[in-house]
Amino acid sequence: MPLVQFLMMEKEIFLSQIYKEKYMKEINVAVTGGAGQIAYSLLPRLISGETFGRDTKVNLRLIEIPQVVDKLQGTIMELIDCGFEQTGELVSTSDIKEGVKDADWILLVGSIPRGIVIDGKKIEERSDLLKINGGIFTDQGAAIGELAKSDAKILVVGNPANTNALIGMNSANNSTQQWFAMTALDANRAKAQLAEKAAAEISSVKNMIIWGNHSPTMYPDPYNATINGASAAEVINDNQWIEDSYLPLVQQRGKAVIDARGASSAASAANAAIDTVKAVINPTKEGDCFSAAVVSDGSYGIPKGLIFGFPLRTNSNGKIEIIQGIELNEFAQTKIKVTTEELESEREAVADLIG
Ligand code: NAX
């Protein structure tokens, strides 16, 4: 390589290093389930500048169970090889306390899946799943409440996401931190179905609200969603399709992906996690909302304290608000009642874990 070209390259590297050290903001992000499928799609996007901005260096802590933690070295090698300017420290650990210390964001992706065999018993029942994961989220919540930053944001992806978040939040017992359970994948799936049915651009679908639980009882609201500003249900004008096809399509999409792919949704789930983080840290555009489950303050008659999917917006001061005044027709009210009852029965099943 000619000397001049070599010197120019060296100068560029030197300047970018100085810029990084002097001017970049820094953020600590912890991810559990770091060696899992979703994490594989998620992690590069967390440290590429796409999610937290090009001016923010991301220190990433990957957390795994002790049996798997060594594998994270391979993931870290790949993350280094991506060569993103925004990459800060990359750490792997099986110690949740080390992982979440001073964290700004914590993505709780890891959990024990349905169907796993524990002590010779195949875990199939939702109540067993709730209890097993409950134990994990109690410890993780306590560590977060004690050690993460006071304004930390926590996004629970691992299922059963709403009730895991409920357990984690109660265990954290830190009112200045904010907990979310992910429903953005459901919202993206619902938007895609509505856009396809209306032969509209997906970017024209707004205000997609997922009410309730991230489970087949969720209600992906087609009446308040809009396509080019008009009610999606009115644009589509086919109530039978909405009730008989659209709702089951969205509610059962996860299972359909598993049946087709032989593995659960990973790229789209990672994408939804990124969408949620971006929606939380950036002001929401007028006339739109984002979907995630947060603790109910009694809005829309939902029992206080449940982690419930609501229409949310981030205001210009960075505060997350539950959007008020959305009209709910009789159909919506029936659906919301079902998902509320499911969440109440999940809360009942883990009552001993939430004090
Ligand atoms: P994988 O089984 O590929 O990965 C999970 C990883 O979590 C494993 O590597 C496991 O060792 C780790 N893990 C388990 N317990 C842990 C603990 N206590 N601390 C740290 N790590 C732990 O699952 P993946 O496909 O990545 O899915 C992860 C979770 O996301 C599952 O619970 C899944 O059901 C849930 N999903 C949630 C979605 C949502 O919209 N909220 C959609 C996609 C996905 O199904």
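FYI, it's all coordinate maths here, none of it is from the lab. Predicted, not measured: the structure shown is a model, and the values here were computed from it. Note that we place each Cβ from the backbone using ideal geometry, even for glycine, and neighbour counts take in every protein chain shown.
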Mind listing which GluC sites (Glu not before Pro) in segment 195-294 are in a DSSP loop and have 10 or fewer other Cβ atoms within 10 Å?
201, 286
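Taking only DSSP H segments of four or more residues, each worth -39500 (n - 2.57), what value at 222 nm results for the chain once the sum is divided by all its residues, to the nearest 500 deg cm²/dmol?
On the way: 13 runs with 154 residues, N = 355.
Theoretical 222 nm ellipticity from helices: -13500 deg cm²/dmol.
Give me 82, 289 sorted ascending by neighbouring Cβ count inside 10 Å, so fewest comes first. Working shown, then result.
Details: 82 11, 289 24.
By the 10 Å Cβ count, ascending, the order reads 82, 289.
With a/c under 1.5 counting as rounded, go ahead and sort segment 237-355 into rounded, prolate or oblate using the C-alpha gyration tensor (a ≥ b ≥ c being the square roots of the eigenvalues; past the cut-off, prolate if a/b is larger than b/c, else oblate). List each step's numbers first, then the result.
Details: a/c = 1.22, a/b = 1.12, b/c = 1.08.
Rounded.
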Taking loop as defined by DSSP and a crowding limit of 10 other beta carbons within 10 Å, which GluC sites (Glu not before Pro) in segment 323-355 fit?
327
If the chain between residue 3 and residue 45 were fully stretched, how many nm would it gain, using 0.36 nm times the residue separation less the Cα-Cα distance?
11.6 nm
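Quick one: if you take sqrt(5λ) for each eigenvalue of the C-alpha gyration tensor of the chain, what semi-axes come out, biggest first, whole angstrom? The partial results should precede the final answer.
Details: eigenvalues 239, 134, 78 Å².
Working through the eigenvalues yields semi-axes of 35, 26, 20 Å.
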Using a Gaussian network model on the chain with a 10 Å cutoff between Cα atoms, which of 168, 305, 120 fluctuates the most?
120
Links exceeding 21 Å between C-alpha atoms in this model, out of 255/337; 25/153; 149/278, come to 255/337
Where the centroid of each part is defined by its Cα atoms, how far is segment 213-289 from segment 320-355 in Å?
17
Cβ-based net charge around residue 313, under 10 Å, with every Lys or Arg adding one and every Asp or Glu removing one
-1
Can you tell me the length gained on complete extension of the stretch residue 67 to residue 102, counting 0.36 nm per residue apart and subtracting the Cα distance?
10.1 nm
From the Cα centre of segment 53-108 to that of segment 151-181, the distance in Å is 20
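In what order do 65, 354, 336 fall by count of nearby beta-carbon atoms within 10 Å, going from fewest to most?
Numbers: 65 13, 354 18, 336 22.
The fewest-first ordering by Cβ neighbours comes to 65, 354, 336.
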Given a Förster distance of 30 Å, the FRET efficiency implied by the Cβ-Cβ spacing of residue 286 and residue 234, rounded to the nearest 0.05, works out to 0.90
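Compute the convex hull volume of the Cα atoms of segment 23-117, divide it by the residue count, and report the result per residue in Å³ as a whole number. Working shown, then result.
Details: hull volume 8.6 nm³, N = 95.
Per residue, the Cα convex hull of segment 23-117 comes to 91 Å³.
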Given contacts defined as C-alpha pairs under 8 Å and at least six residues apart, what's the relative contact order of the chain, whole-number percent?
15
